[in-house]
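Below is one structure; the comments refer to it alone.
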Amino acid sequence: MTTTDHAARAAARRSAKPGRKVLIRVKRCEGPGKPSRFETFAVTIERGANIISCLQQIAANPVTVEGTRTTPVVWDSGCLEEVCGACTMIINGKVRQSCSCLIDEYAPAEGDVITLEPMSKFPVVRDLWVDRSRMFHNLKRLRAWVPIDGTYSLGAGPRESPDAQEARYKLSTCMTCGCCLDACPQFLLAESPASWDTSFVGAQAFGQALLFNSHSTGAQLKNDRLEVLMGPGGVVDCGNAQNCVKVCPKEIPLTEAIASLGRAVTIRGFTRFFTS
Amino acid sequence: MTTAHTQSHQGPLDRNYFLLRRLHSLTGVVPIGVFLLFHLTTNASVVWGMLDSREGEALRERGVRTFQNEVDFIHSTPFLFLVEIFGLWLPIAFHSILGLYYAKTGKGNTASYGWAANRRYSLQRLSGYVGVLFLFYHVATLRWHWTFLMPGGVAWDGERAASTLALVLRGASEAALEAGASYTLGGVIVSLFYMLGVSLLVYHFANGLWTAAITWGLTISQKAQQRWGVVCAGLGVALMALAWSSLLGFMTLDPKDAAAIERSHSGHKGPAMQLGDSQH
Ligand code: HEM
Ligand code: SF4
Ligand code: SF4
Ligand code: FES
């Protein structure tokens with residue numbers, strides 16, 4: 001986030017008056033394959049209100065601005081402190097977590113409108129709730145774990161240097177929210193799991209592949225991961241639009257991870273050609 | 001492991017996916033990008049050639065002569081046709097066909113996310129699309145002599161390189177010029193298409209060089225990517241300058257003056273040069 005963004009948001013927070021009414025425009029959809037429509041709700045804003053608290057008000061009294069009683073809006077959330085990623089949605093056209101989205105920053109004046117839409121690259125379950133299981137499928141596809149399961153004790157693992165730990169820590173903060181995928185022009189909606197083995201993996205799983213490739217025990221599966229990354233949907237399909245790194249709420253250096261994997265598959269390609 | 005299993009139902013395109021991807025990237029730089037560099041430098045000789053002017057020469061004369069020398073030099077390359085096919089046309093066809101296919105796998109979203117790198121991503125694809133059209137038109141008309149695509153039916157003639165190029169950009173045959181025409185509407189359109197096509201391809205190459213470094217894993221840190229970005233932008237500006245100076249050079253060249261210079265130029269090279277003249 002740029003400093004001007006920060007300054008603009010701080011200014012908006014200072015000017016916002018509690019007790020004002022704000023319009024929340026929600027893209028509604030009753031279920032997979034059903035048509036969607038917009039409904040607008042007027043919400044009274046308290047100091048510190050966020051999108052989830054507004055959705056709670058709407059759930060308590062689901063009446064649109066036209067006065068029509070409707071069904072409560074469905075959404076997903078968990079931690080309410082931007083660490084689980086469940087509440088991710090598109091707010092005013094950009095993807096982000098809704099629990100950490102302050103109304104004072106987005107709608108500082110009476111009558112301001114905030115538009116909420118479900119994430120665009122995952123199948124909608126209902127309203128703002130999407131099914132993000134493709135991300136977990138992709139973690140499995142890339143074997144994004146440390147292989148330690150066995151029938152006997154493997155003893156202590158290799159020593160890890162503090163520098164390596166430091167580098168991996170950033171990558172490990174990924175909360176599988178999917179912002180990086182929703183904003184990526186190469187990652188497209190794929191309703192059917194049948195295509196998930198060849199469709200673009202995206203930055204989230206690239207980060208995790210690098211995390212486990214740079215872990216001394218995790219590296220046992222390094223070549224398996226690289227093989228997947230060299231195939232259809234792998235890191236070779238990244239188009240370097242670099243939206244992923246811009247929208248990642250955890251500020252994970254995703255484009256550096258992509259370039260590192262690019263180097264790793266280049267080396268793997270030569271090794272494969274000349275030695276195996 | 002499962003990779004062996006998943007490979008068993010993959011077609012040859014999927015099995016060689018990595019190789020094709022890397023060859024696409026490589027062909028963009030070598031030979032296509034390197035050719036672009038030489039090609040634009042050669043073309044701009046109609047301008048930088050003037051730096052070499054002799055005493056008593058008209059202002060544009062040495063430019064026309066230098067350009068003619070460059071063209072003659074290229075045409076004297078042994079097995080030129082084979083070099084063209086394997087060094088240029090096949091790599092360009094390969095890069096273009098795969099490029100069109102890859103471009104179709106993405107869906108630009110600059111309306112929601114208007115960041116610079118994202119706009120460059122979209123422009124890389126747009127410049128590819130326009131680039132194929134432009135390159136096809138360029139090669140078909142100038143190299144394969146599909147004169148029916150040329151306003152005024154002008155044919156480029158390697159023996160009279162500069163003057164016929166000036167005619168091409170004016171969209172006017174020599175006869176039309178005699179009758180007092182300067183630029184025809186068709187010529188204006190061709191000239192604008194050249195400006196657009198060449199600029200987009202220069203952008204495409206410069207930005208491609210930037211992304212290729214990430215693709216291959218040469219630039220990893222953000223700092224390194226920025227540093228290489230400055231180099232690529234610098235190269236892009238230099239190539240733009242070459243491209244525009246040659247275009248403006250040919251567009252402002254008087255075809256009749258240039259033809260007169262070329263006649264005296266080919267004169268000392270023997271009777272074979274008369275062939276080009278006899279066509280007109
Ligand atoms: C003068 C002609 C051309 C040059 C010098 C050139 C050069 C390049 C270079 C250096 C790259 C970067 C490769 C990478 O990121 O790894 C590239 C990418 C690309 N080129 Fe070209 N190219 C040319 C013509 C074309 C044409 C005619 C198309 C047809 C559509 C095209 C489509 C693409 C696409 C879609 C990419 C992006 C690939 C990706 O990021 O995965 N290019 N080009
Ligand atoms: S850099 Fe690659 S993964 Fe990130 S947004 Fe762009 S195309 Fe997607
Ligand atoms: S990399 Fe960042 S944006 Fe992507 S899923 Fe993880 S936390 Fe979310
Ligand atoms: S609810 Fe967990 S990130 Fe918002």
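The values are calculated or read from the model by the stated rules, or taken from the named source; none is laboratory data. Remember, it's a predicted structure, so these values are computed and weren't measured experimentally. Cβ: placed from backbone, ideal geometry, glycine included. Neighbour counts: every protein chain shown. In case anyone asks, the SASA skips ligands and DNA or RNA and just uses the protein heavy atoms, side chains included. Shrake-Rupley method; radii C 1.70, N 1.55, O 1.52, S 1.80 Å.
Restricting the stretch B:159-201 to residues that are of a type in the set (S, T, N, Q) and open to solvent by 20 Å² or more (accessible area, probe 1.4 Å), which is nearest to residue B:36 (Cα to Cα)?
Among them, the one singled out is B:199.
When the stretch B:100-117 is examined, which residues are found to be hydroxyl-bearing (Ser, Thr, Tyr) and facing another protein chain (nearest Cβ under 7 Å)?
Matches in the stretch B:100-117: B:105, B:112, B:113.
How many residues does the stretch B:137-158 hold that are within 16 Å of ligand 1 (Cβ to nearest atom), farther than 24 Å from residue B:260 by Cβ and either at pLDDT 95 or above or surrounded by 19 or more Cβ atoms within 10 Å (Cβ to Cβ) (or both)?
4
Return the residues of the stretch A:18-42 that are closer than 18 Å to residue A:111 by Cα and under 27 Å from the mean Cα position of the chain (by Cα); say none if nothing qualifies.
Correct list: A:22, A:23, A:24, A:25, A:26, A:38, A:39, A:40, A:41.
Condition first: of a type in the set (Lys, Arg), modelled with pLDDT of 95 or more and not assigned by TED's automatic domain parsing to the domain that holds residue A:176. Can you find one or more residues in the stretch A:60-70 that meet it?
Yes, there is a match, as at least one residue in the stretch A:60-70 is of a type in the set (Lys, Arg), modelled with pLDDT of 95 or more and not assigned by TED's automatic domain parsing to the domain that holds residue A:176.
Identify the residue in the stretch A:215-240 that is among the charged types (D, E, K, R) and over 11 Å from residue B:18 (Cα atoms) and, among all such residues, is nearest to ligand 3 (Cβ to nearest atom).
A:225
Can you pull out every residue in the stretch A:227-276 that is among the basic types (Lys, Arg) and either under 25 Å from residue B:104 (Cα atoms) or touching a Gly at 6+ places or on another chain (Cβ under 7 Å) (or both)?
Passing the criteria: A:246, A:263.
Kindly indicate whether residue B:95 is in contact with a Ser or Thr (Cβ under 8 Å, 6 or more places away or on another chain) and in contact (Cβ under 8 Å) with a residue 12 or more places away in the chain.
Taking the combined requirement at face value, the residue satisfies it.
Look through A:249, A:253 and report the one residue that is in contact (Cβ under 8 Å) with a residue 12 or more places away in the chain and within 8 Å of chain B (Cβ to nearest Cβ).
After ruling out the rest, the residue left standing is A:253.
Suppose the filter is within 16 Å of ligand 2 (Cβ to nearest atom) and in a strand (DSSP E or B); does residue A:134 pass it?
No, not satisfied.
Out of A:216, A:195, A:199, report the one residue that is within 16 Å of ligand 1 (Cβ to nearest atom) and hydroxyl-bearing (Ser, Thr, Tyr).
After ruling out the rest, the residue left standing is A:199.
Quick one: how many residues across the stretch A:156-191 are away from every other protein chain (no Cβ under 14 Å), open to solvent by 60 Å² or more (accessible area, probe 1.4 Å) and assigned to a loop (DSSP other than H, G, I, E, B)?
Within the stretch A:156-191, residues that are away from every other protein chain (no Cβ under 14 Å), open to solvent by 60 Å² or more (accessible area, probe 1.4 Å) and assigned to a loop (DSSP other than H, G, I, E, B) number 4.
Looking only at residues in the stretch A:76-105 that are more than 16 Å from ligand 2 (Cβ to nearest atom) and outside any loop (DSSP other than H, G, I, E, B), which one is farthest from the other protein chains (Cβ to nearest Cβ)?
Here the residue is A:104.
Only one of these is open to solvent by 50 Å² or more (accessible area, probe 1.4 Å) and more than 21 Å from the chain's Cα centre (by Cα): A:67, A:111. Name it.
Matching residue, one of A:67, A:111: A:67.
In the stretch A:256-274, how many residues are within 7 Å of chain B (Cβ to nearest Cβ) and more than 16 Å from residue A:225 (Cα to Cα)?
1
Which residue is surrounded by the fewest Cβ atoms within 10 Å (Cβ to Cβ), if the candidates are limited to the stretch A:192-217 and must be farther than 21 Å from residue A:119 by Cβ and within 12 Å of chain B (Cβ to nearest Cβ)?
Within the stretch A:192-217, the match that is surrounded by the fewest Cβ atoms within 10 Å (Cβ to Cβ) is A:197.
Please find, among A:141, A:132, the residue that is basic (Lys, Arg), within 14 Å of another protein chain (Cβ to nearest Cβ) and in contact (Cβ under 8 Å) with a residue 12 or more places away in the chain.
Every option except A:141 fails the conditions.
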